[in-house]
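Enquirer: Attaching a single structure in structure tokens format; questions to follow.
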Amino acid sequence: MIPYSINKKLVERKCKLSEGNQLFKDRNAAMYPPDLNLNKMVDEIDKAIAFLPYCAKPKDDYECPVSDSINGRKNQKCLKLDGYKCKVPCTLGNMVDVLIKHGFTKDRVFIIDKDSNLFPWLIKKREEGYKYFFPGVGCYYGVGYALDYVVEKLGYQGCVVFLDDYIPGDKKTGVCRSISDYMSMEKSDKGKKTKINVKSVQLVDKLLTDNKQSNNFDDVSYDKSSQYKNSENKLTCEP
């Protein structure tokens, strides 16, 4: 099995992060393939879908209201995608807010409970004419093996966003650091505490708002019902 540090470097090399836009790298994001025409993709955003992992839902400090006693967070549910308000601090919900703000509908956003459900959905959406993922969110292990299939076999292109540890450097409950770690999360909710970085959410919003890359990602405004502030270890919502 490939060690986490080596796998991470291989994925970064594949995405050419060392050669690409520093603004993306600093925000845990990458374009794939690296030569993708970003402006064209944003112009054709109605042909984009998005997929977000269930492990970006809150755990312990806050509980996702659509979790259950058997599967925990491991489902395809999100109150916001169903048109309801949710004030529970949730980084997945923050990204959903941005996608809805820019016209994404429920049928274009997939909450990943497991890859065996995601891939058939991607095939179906490709047959319907969708050709971009914006964004596709996952850990380095998930992104590493999924890119070949999603891009090379299905023909998608788009923006990758890498998950963060909820508590920086948390090797026990942070992002998957081995393939066995990843496969166990495929089977059941093992309590991983991961998040979509605030800066990644801002990046997606800014690109869709301005239709261009910018050096300023700190002036992004959100609907007051879902604003968030970044603290050292957690996100807190403001009513």
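Enquirer: Calculate the dipole size of the chain relative to its Cα centre from +1 charges on Lys and Arg beta carbons and -1 charges on Asp and Glu beta carbons; express the result in debye to the nearest 20.
Expert: For the chain, the charge dipole is close to 380 debye.
Enquirer: Could I ask something else about it? Based on DSSP H runs of at least 4 residues, each adding -39500 (n - 2.57), what is the mean residue ellipticity at 222 nm of the chain after dividing by all its residues, to the nearest 500 deg cm²/dmol?
Expert: When only DSSP H runs of four or more count, the value is -9000 deg cm²/dmol.
Enquirer: Another question, if that's okay. Could you tell me what percent of the DSSP beta bridges with both partners in the chain are antiparallel, to the nearest 5?
Expert: Close to 45 percent.
Enquirer: What trypsin sites (Lys or Arg not before Pro) in region 72-169 are in a loop by DSSP, with at most 11 other Cβ atoms within 10 Å of the Cβ?
Expert: Lys85
Enquirer: Over the chain, what is the relative contact order in percent, taking alpha-carbon pairs closer than 8 angstrom and at least six residues apart?
Expert: With pairs under 8 Å counted, the relative contact order is 27 percent.
Enquirer: Have a look at Leu23, Leu36, Val137 and report the one farthest towards the positive end of the charge dipole of the chain, computed about the Cα centre with Cβ charges (Lys/Arg +1, Asp/Glu -1).
Expert: After comparing all options, I get Val137.
Enquirer: Which of Lys74/Lys101; Lys14/Lys80; Lys16/Lys47; Lys57/Lys85 have a Cα-Cα distance over 27 Å?
Expert: Those over the limit are Lys14/Lys80.
Enquirer: Determine, for each peptide in 142-150, 34-42, 197-205, the mean count of other beta carbons within 10 angstrom over its residues, then list the peptides with the highest first.
Expert: 197-205, 142-150, 34-42
Enquirer: Could you please rank Glu12, Glu127, placing first whichever residue has the fewest other Cβ atoms within 10 Å of its Cβ?
Expert: Taking fewest neighbouring Cβ atoms as first place, the list is Glu127, Glu12.
Enquirer: If you take all C-alpha pairs in the chain, what percent of them are over 35 Å apart?
Expert: 6
Enquirer: In addition: Taking the Cβ of Cys78 as the centre, find all other residues whose Cβ is under 10 Å away and add up their charges (Lys, Arg: +1; Asp, Glu: -1).
Expert: +3
Enquirer: Could you compute the net charge surrounding Ser188? Neighbours are other residues with a C-beta less than 15 Å from the C-beta of Ser188; K and R count +1, D and E count -1.
Expert: That sum, taken over residues with Cβ under 15 Å, equals +2.
Each value in this text was obtained by applying a stated rule to the coordinates, not by laboratory testing. Predicted model only: the values in this text are computed from it and were never measured. Cβ sites come from the backbone with ideal geometry, for glycine too, and all protein chains shown count toward neighbours.
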